[in-house]
Amino acid sequence: MTIKSFQLTVAAAALAALGSAADADTLKVGVIATLEGTYTSLGEDGLRGVRLALSQANNMAGGREIEISVGPTDATPDSAVRAARKLVEQDGVELVIGPLSGSEGIAIRDYSKTQPHVTFINGISGAQETTYVSPSENFFRFNMDGAQWSAGLGEHIYNEKGYRSIATVGEDYSFVYTQVLGLVLEFCQMGGDVSERLWVPLGTKDFSSIIAALPDDVDAIYLGLGGGDAVNFLNQYQQAGGEANLIGGTIMVDPTVLSAEGTAKNALIGVPSSGPQADTWDDPKWQAYVQAYIDEFPPDQRFPSPSLLATGYYNSTTAAVNCLDEVGGDLSDGHAGFRACLSNLELDAPNGKIRLDENRQAIGSNFVMETVQLADGSLANEMVKKIDNVNQTIGLDPAAFAAIGAPGRENPECKTSYN
């Protein structure tokens, strides 16, 4: 589906939902999603999450009809700001949901400070700095960051897999820096070693030089790739005869990759990973959400189960609907009542309870998983362990965590203690 036709579909759905109540008071909501480039399939599923949440609310919140405008991006900060400017300064939205990618989130946090009359609720972007460094009073994030999504993985690969030395390959931007930070802190404190960190630009097509550079004296390779980059790597790695033990970054093993065409994805069977949801979790609320996603969209217009992108945007939209209902759709006084509700909300989300800290950053549950092949031949992430109440310092003393500094290509160092 093209970007244009996808936007038209969203617009048509919103218009149909308005129906005979077209004259009712409407609330204009902007949605920022990656609909161009390597993360296109991720952005499309993020929009499905928005549409599912609004469908369940009958496209109403606080007694107001919801009118959606979509701002497409290509995962770059500049494109995210352009989309936000159009939504806010031209379309006149009062609420923005998004963005999706890490560095986009940092850019939208900064833009939000120039638009105090608009409330911004993150879609699913997961860079640490977005809320940890110079947070914005009108920017709220109901998903954990990439380091929080790594919680439990380092311990699992050390104790259960027996890995003592690993190397990492990752996309060269803020979200993957944050993912690797979380992994390094936990794995190295267990006694593990991260011998080498290799970085590739977003949108890489040719991984031959990276594959040739992979060290063969480590126990496993961590892959911090997603979308088209993940699929391209797996295809080329298979063709090169790669046989190393693999560890999956959160978006490496998402349904956006596990449902890709071809057999290269089978290299992920048995691969450990971690993230904010697990496909096989038997919790009734999770299973009901998965079924609602399946029922809402035709099979050729969705994944076999919702990706974490769908879940993130779904949760953000649900939080907005809940608080709009609480304040009766009243966004007067600079959205004061609405924002107070968001700050104090405990969201009973499909993937576990979520609450916000003083920086309006999510504290929630993380899942350690392994990729398995189901009876029908499809791939899914099987839950190994659930870790609750994961905060942004991922269990470290706040002062010690702050001393580590911002995630980067070589930061943090691999040490046995950070206190």
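The values are calculated or read from the model by the stated rules, or taken from the named source; none is laboratory data. On a predicted model such as this, the values are computed, not experimentally measured, just so you know. In this analysis, Cβ positions are derived from the backbone assuming ideal geometry, glycine residues included, and neighbour counts consider all displayed protein chains. Accessible surface is based on the protein model in full, side chains and every heavy atom, while ligands, DNA and RNA are left aside. Shrake-Rupley method; radii C 1.70, N 1.55, O 1.52, S 1.80 Å.
Once the Cβ-Cβ distance of Glu413 and Glu89 is raised to the sixth power relative to R0 = 45 Å, the FRET efficiency obtained is 0.55. Within the set Lys113/Lys353; Lys28/Lys285; Lys385/Lys415; Lys205/Lys265; Lys161/Lys285, which residue pairs have Cα atoms separated by over 19 Å? Lys113/Lys353; Lys28/Lys285; Lys385/Lys415; Lys161/Lys285, as the Cα separations exceed 19 Å there.
Compute the accessible area per residue over the stretch 181-338, keeping the other protein chains in place, probe 1.4 Å, unit Å². Walk me through the numbers on the way to the answer.
Working: 5880 Å² over 158 residues.
On a per-residue basis, 37 Å².
Among the trypsin sites (Lys or Arg not before Pro) in the stretch 187-266, those placed in a DSSP loop whose Cβ has at most 15 other Cβ atoms within 10 Å are Lys205.
Taking a ≥ b ≥ c as the square roots of the Cα gyration tensor eigenvalues, the stretch 132-207 comes out oblate, since a/c reaches at least 1.5 and a/b does not exceed b/c.
Would you mind classifying the stretch 290-419 by shape? Square roots of the alpha carbon gyration tensor eigenvalues, ordered a ≥ b ≥ c; an a/c under 1.5 is rounded, otherwise it is prolate if a/b is larger than b/c and oblate if not. Present the calculation step by step, with values, prior to reporting the outcome.
Working: a/c = 2.44, a/b = 1.03, b/c = 2.37.
Oblate, because a/c is 1.5 or more while a/b does not exceed b/c.
For the stretch 165-226, the square roots a ≥ b ≥ c of the C-alpha gyration tensor eigenvalues yield an a/c of 1.5 or more together with a/b not exceeding b/c, which makes the shape oblate. Using 0.36 nm per residue and subtracting the Cα-Cα separation, the extra length available between Ile294 and Ile269 on full extension is 6.6 nm.
For the stretch 357-419, the list of trypsin sites (Lys or Arg not before Pro) that fall in a loop by DSSP and count at most 12 other C-beta atoms within 10 angstrom reads Arg409, Lys415.
Round to a whole number: what % of the accessible area of the stretch 274-416 belongs to carbon and sulfur, probe 1.4 Å? Walk me through the intermediate numbers first.
Details: 2880 of 6220 Å².
Whole-percent figure for carbon plus sulfur exposure: 46.
For Asp219, the residues whose amide H sits under 5 Å from its own are Arg164, Ser165, Ile166, ignoring neighbours fewer than 5 places away on the same chain, with H placed 1.01 Å from N.
Below 8 Å between Cα atoms, with a sequence gap of 6+, how large is the relative contact order for the stretch 142-267 in percent?
On the way: 195 pairs, mean separation 33.4, N = 126.
For the stretch 142-267, the relative contact order is 26 percent.
Extension gain, Gln373-Glu243: 0.36 nm per intervening residue step, less the Cα-Cα distance, totals 45.0 nm.
Computed from label points 7 Å out along Cα-Cβ, the spacing between Asp78 and Glu358 is 3.8 nm.
Its relative contact order, with pairs defined as Cα atoms under 8 Å and 6+ residues apart, puts the stretch 273-419 at 23 percent.
Per-residue ellipticity at 222 nm computed for the chain from its helices equals -11500 deg cm²/dmol, with DSSP H segments shorter than 4 residues left out and the rest contributing -39,500 (n - 2.57). Look at (i) 36, 26, 23; (ii) 34, 23, 19; (iii) 37, 25, 18: the one that is semi-axes √(5λ) of the Cα gyration tensor in Å derived from this structure is (ii).
What separates the Cα centres of the stretch 143-207 and the stretch 384-419 is a distance of 12 Å. Subtracting the Cα-Cα distance of Ser55 and Ala340 from their residue separation scaled by 0.36 nm leaves 100.1 nm. Scanning residues 5 or more positions from Phe140 or on other chains, those with amide H under 5 Å from its amide H are Phe120, Ile121, Asn122, with H placed 1.01 Å from N in the peptide plane. Annotation: amide H-H contacts under 5 Å for Thr73 (H modelled 1.01 Å from N, sequence separation of 5 or more, or interchain): Ala33, Thr34, Leu35, Glu36.
By accessible area, using a 1.4 Å probe on protein heavy atoms only, the stretch 138-197 has 35% of its surface on carbon and sulfur.
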